[in-house]
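Below is one structure; the comments refer to it alone.
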Amino acid sequence: MDYHKLQFKEDQIMKPFKQERFNIKQFQRDLEINILSKTDEKIVFEIINIDAPIANSLRRIMIAEIPTMAIHKVQVIQNTSVIPDEVLAHRLGLIPIIADPLQFIEKDDQEEYNELNSIDFTLVAKCEKKPNSKHDDPIEQQYTNTTVYSSSLIWQPKGQQAKLFAANPIRPVHSNIIIAKLRENQELNLRLICEKGVGKRHAKWSPVCTAFYKLMPSITIKNQLDAQRQEKLASLCPMKVFGVKGNQIKVVNPRNCTTCRECVREANGFEKDVELNKIDNHFIFSIESVGQYEAKDIMLQAIEVFRSKVQLYIKE
Amino acid sequence: MNSSESEDQDVNIEEEELSKPIILAQATKGMEIQENSDPFNGTFVFFDEDHTLGNSLRYILANQPNVEFCGYSLPHPSENKMNMRLQTVNETKEKVMNDGLKCLSQICDIIEDKFKQALEKK
């Protein structure tokens, strides 16, 4: 019996139980990692022969315990827009900032702000009438600053920051995030202070749009099917998991399966012919970065954070 | 602060107490053992930890040799504490806990190596 196949019936999970001693050498031999797709922003990879608690710990760390920089304090010098101060501050906090968090340290409540624990920005925008505008023009052409974008955030380097970040200046990840909309004579004049934090404290510090995993499905066709039924089964699946090659129906894209269970639904008539299981030690991770880190760096950071968490308690 | 001294004649709050910071949550990490009377059985209390460390450490410890019982719980969500109960035979609980932590640290190294290898291949 395959000890790693998880069978899902309608309302229960059936898994054969086998308690094994954990052998680190065998873990090293069996562990396999393959990258399925990779860009700077998103990476999809699979880990085989790892167990759920460890995969879950890595996922939790990616979401909540990798430090980034985000706007934390907003000093409002002038805000005559229709957006209340606190709503504006909330929006500003959620803007992702490109700044290498490893160059900064987390700020204590009692500490003063200095170049090591904070980044300064200013946001100044006033909506004024343009000199040669006519009444018929669209409003964006009649006035300046009708919409305030994140490109208006101007970094104010302090101390050594200008030199340290000369190659990669500190700026928002996206320059087209709408912060507020202004009309005639409304003004925004704010000083913003960024601090280092982790997703556990507030979601604005999370470095991932999301990071999730799914289990590898194991789909088998138990019986021989005639050509007509083969075609019907192949067309049933919305994710095109099945393919008919020659006269044989095969499972061609098992990774696309989203477990919608159409292939085993009683009404469709194939529930005795198709077996739908999951393999419980094969995880397909998908990490999508917000922009401060590259997606692959988030996984490497997560392993580093996990290791330092554990080593904190080891007594030599 | 002269104003408050004249106002709170009825309220017995001293000036010193008001200026002490109120500790809302345990933000510092650490581990202690509750009532360390038995060398083989005990509860380890981890501060500022949650399921992230708890579940994976419990899984590793439960599959180590000489472990009779292992489980973890978070006693209350408002407190940042995690209790790990460990009952062992033949070896002291501190040694088994230490071995489990080292094993988990080795697992991290192995995953990192394999991930870096996979990145080079791609």
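Taken over the range A:194-207, the residue count meeting the criterion of being under 12 Å from the mean Cα position of the chain (by Cα) and buried (at least 22 other Cβ atoms within 10 Å of the Cβ) is 3. For the range A:285-298, the count of residues that are assigned to a loop (DSSP other than H, G, I, E, B) and charged (D, E, K, R) is at least one.
Scanning for something in contact with a helix residue (DSSP H, G or I) (Cβ under 7 Å, 6 or more places away or on another chain) and not in a loop (DSSP other than H, G, I, E, B), does the range A:95-110 turn up at least one residue? Give the derivation first.
Applying the first criterion (in contact with a helix residue (DSSP H, G or I) (Cβ under 7 Å, 6 or more places away or on another chain)) to the range A:95-110 yields A:95, A:103.
If we keep only those that are not in a loop (DSSP other than H, G, I, E, B) too, we end up with A:103.
Looking for residues that are in contact with a helix residue (DSSP H, G or I) (Cβ under 7 Å, 6 or more places away or on another chain) and not in a loop (DSSP other than H, G, I, E, B), one finds at least one in the range A:95-110, hence yes.
Note on the range A:35-63: among residues that are surrounded by fewer than 17 Cβ atoms within 10 Å (Cβ to Cβ) and of a type in the set (D, E), the one that is farthest from the other protein chains (Cβ to nearest Cβ) is A:E41.
Of the strands (runs of 3 or more DSSP E) lying entirely inside the range A:139-255, those carrying at least 2 residues that are touching a residue at least 60 places away in the same chain (Cβ under 8 Å) are A:178-181, A:187-197, A:208-221. Residue count for the range A:281-303 under the criterion of being out of contact with any Cys (no Cβ under 8 Å at 6 or more places or on another chain) and within 13 Å of chain B (Cβ to nearest Cβ): the result is 13. If the condition is being small (G, A, S) and either free of Cβ contacts under 8 Å to residues at least 12 places away in the same chain or more than 8 Å from every other protein chain (Cβ to nearest Cβ) (or both), then the range B:46-67 contributes B:G54, B:A62. Across the range A:32-46, a minimum of one residue is classified as part of a strand (DSSP E or B), of a type in the set (A, V, I, L, M) and more than 26 Å from B:H51 (Cβ to Cβ).
A quick yes/no check of all residues on (1) under 19 Å from A:K309 (Cβ atoms); (2) of a type in the set (A, V, I, L, M, F, W, C); (3) facing another protein chain (nearest Cβ under 8 Å):
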site	(1), (2), (3)
B:P75	no, no, no
B:K81	yes, no, no
B:E91	no, no, no
B:L101	yes, yes, yes
B:E112	yes, no, yes
B:L119	no, yes, yes
B:K122	no, no, yes
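For A:F306, are the conditions met, namely being in contact (Cβ under 8 Å) with a residue 12 or more places away in the chain and either in contact with a strand residue (DSSP E or B) (Cβ under 9 Å, 6 or more places away or on another chain) or part of a strand (DSSP E or B) (or both)? Spell out the reasoning first.
Values: in contact (Cβ under 8 Å) with a residue 12 or more places away in the chain: yes; either in contact with a strand residue (DSSP E or B) (Cβ under 9 Å, 6 or more places away or on another chain) or part of a strand (DSSP E or B) (or both): no.
Taking the combined requirement at face value, the residue does not satisfy it.
Would you confirm, using the coordinates I've provided, whether B:C70 is within 11 Å of chain A (Cβ to nearest Cβ) and either on the phi < 0 side of the Ramachandran plot or modelled with pLDDT of 90 or more (or both)? Judged against the criteria, B:C70 is not a match. Among the residues making up the range A:231-272, those that are of a type in the set (A, V, I, L, M) and under 29 Å from A:F283 (Cβ atoms) are A:L233, A:A234, A:L236, A:M239, A:V241, A:I249, A:V251, A:V252, A:V264. The single condition among (1) within 19 Å of the chain's Cα centre (by Cα); (2) crowded, with 18+ Cβ neighbours inside 10 Å; (3) within 16 Å of A:I178 (Cα to Cα) that A:L94 does not satisfy is (2). Flag set for A:I314, criterion: part of a loop (DSSP other than H, G, I, E, B), of a type in the set (A, V, I, L, M, F, W, C), within 14 Å of chain B (Cβ to nearest Cβ) and closer than 27 Å to B:F115 by Cβ.
The values are calculated or read from the model by the stated rules, or taken from the named source; none is laboratory data. All values derive from a computational prediction rather than experimental measurement. Don't worry about glycine lacking a Cβ; one is built from the backbone with ideal geometry, like all the others, and counts go over all protein chains shown.
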